[in-house]
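The values are calculated or read from the model by the stated rules, or taken from the named source; none is laboratory data. These figures come from a predicted structure and were not determined experimentally. Heads up, the Cβs are rebuilt from the backbone with ideal geometry, glycines too, and the neighbour counts pull from every protein chain shown. Note: areas computed on protein heavy atoms with side chains; ligands, DNA, RNA excluded. Shrake-Rupley method; radii C 1.70, N 1.55, O 1.52, S 1.80 Å.
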Amino acid sequence: MSENLRVEPIHHSAIKAAESQHYDHPFISLFESVLPDLHRYVARQCPPDDVDDVCADIFAEVYLRWPWAPDSLESQRMWVFGFARNKLHELNRAKRYRVSLSDRLANHSLTSKYTEFEPIVTANDRVKRLLVQIPDKEREVILLTVFAGFNSAETAQILGTTVTAVTTRA
């Protein structure tokens with residue numbers, strides 16, 4: 001079986017040949033020539049934290065469609081900026097949707113259908129604030145017995161302690 005898995009050593013000349021083929025690819029030339037201008041173009045239209053990701057997304061799309069790329073470098077450059085324009089439109093549509101949704105949620109008043117839950121939500125918030133103030137061991141016992149519904153013996157088994165310790169902590 002080991003004969004079938006035999007791996008031939010890679011010669012340095014093969015690595016050099018592969019590297020030279022990779023860097024001579026027209027996509028690399030396009031990438032290197034367009035990236036600085038594309039980066040500036042994108043930076044003017046989206047948040048600084050998103051610029052690199054947007055550029056990477058654009059070049060990923062370009063690479064996926066490379067077989068259909070125009071022949072000349074200038075045409076390819078315009079082709080890339082077409083992808084950039086579409087990507088930025090897509091991001092702006094998503095942003096408008098998020099803003100619109102946030103506005104609708106902010107302006108949405110509770111109807112009588114939902115007001116019955118307001119005391120429960122308020123009580124839950126109060127309980128969360130109180131639970132944070134309780135030491136960890138006591139909090140675990142309360143969460144397991146009161147909220148999860150385990151009895152003292154089951155809680156003791158889960159926590160790896162005695163029933164006496166559980167009842168003392170509760």
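Based on this model, can you work out whether K95 counts as within 30 Å of A43 (Cβ to Cβ), open to solvent by 90 Å² or more (accessible area, probe 1.4 Å) and modelled with pLDDT under 90?
So K95 passes the test.
Out of all the residues in segment 140-153, which are in contact with a Leu (Cβ under 8 Å, 6 or more places away or on another chain) and open to solvent by 60 Å² or more (accessible area, probe 1.4 Å)? So that I can check it myself, show each step before the final result.
First pass over segment 140-153, keeping only residues in contact with a Leu (Cβ under 8 Å, 6 or more places away or on another chain): 140-144, 150.
The answer is E140, L143, F150.
Among the residues of segment 131-152, which ones are more than 32 Å from the chain's Cα centre (by Cα) and part of a loop (DSSP other than H, G, I, E, B)?
Answer for segment 131-152, where residues must be more than 32 Å from the chain's Cα centre (by Cα) and part of a loop (DSSP other than H, G, I, E, B): I134, P135, G149, F150, N151.
Kindly indicate whether any position in segment 55-70 is surrounded by fewer than 15 Cβ atoms within 10 Å (Cβ to Cβ) and more than 17 Å from H25 (Cα to Cα).
Looking through segment 55-70, at least one residue is surrounded by fewer than 15 Cβ atoms within 10 Å (Cβ to Cβ) and more than 17 Å from H25 (Cα to Cα).
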